[in-house]
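One structure below.
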Amino acid sequence: MKTEVREAAVVALVVALSGALLGVLWWWLAPSVPLVGEVLDKNWVVYFKDTEGEQAAGVDGTFTLLALAFGLVSAVVVFLIRRRGGVPLVVGLAVGAFLGSLLAWKVGVWLGPSQDVIAHAKEVGKGVTFSAPVKLGAKGAWLVWPLAALVVHLGLTAMFGPRDADPYQEQLGARPDQGPYGAPPV
């Protein structure tokens, strides 16, 4: 059991650290949301340049699709490294994927434009278009990576994992190279 827990901790750590790569890809691939700053009654206000633009939804969608891909890849890699599976390994995969999603979110926000939108608008000037900070509006996207990893790992384990011995065959005393009741396998 100690070995399984140790392997699960390593899996969780490696998967969580790969979240930094997801964050960089998210920041790089996500569409920018154009904003414009104006002075209104001596105060700065910031508006969307295109009020009907779908860039903000595209930022969430990019994170979600990348997290889905990372879930698929991490589950396949973990399955190929350790086919026997086990509960600690699956828990390590899920925890690591969730922590990786949080790290990806933080890295993407950190790499993106300034979070102080008003100061950024003052810096670029009145009426000049600038990019909004990268932010994740759909916080449920944090769960895409762990859920995708669990579903893919479960599917791979069900299809290609080791099989338990058939208890009915054991009761009858049959050998693995024999069918039921000692007959040749069909």
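The values are calculated or read from the model by the stated rules, or taken from the named source; none is laboratory data. The shown structure was predicted, so the numbers you read here are calculated from the model rather than taken from an experiment. Note: ideal-geometry Cβ built from the backbone for every residue, glycine included; neighbour counts use all protein chains shown.
Looking only at the stretch 52-75, count how many residues are touching a His at 6+ places or on another chain (Cβ under 6 Å) and of a type outside the set (A, V, I, L, M, F, W, C).
The number of residues fulfilling the criteria is 0.
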Inset, instruction - Could you grab the pairs with beta carbons closer than 6 Å, sequence gap of 6+ or different chains, first residue in the stretch 47-59 and under 25 Å from Leu22 (Cα atoms) and among the hydroxyl-bearing types (Ser, Thr, Tyr), second one in a helix (DSSP H, G or I) and at pLDDT below 80? - result: none
Inset, instruction - List every residue pair whose Cβ atoms lie under 6 Å apart, where the two residues are 6 or more positions apart in sequence or sit on different chains, the first residue falls within the stretch 16-41 and is aromatic (Phe, Trp, Tyr), and the second residue, located anywhere, is modelled with pLDDT under 90. - result: Trp27/Gly112; Trp27/Val134
Legend entry - Test: residue in the stretch 101-110 that is modelled with pLDDT under 90 and of a type outside the set (Phe, Trp, Tyr): no
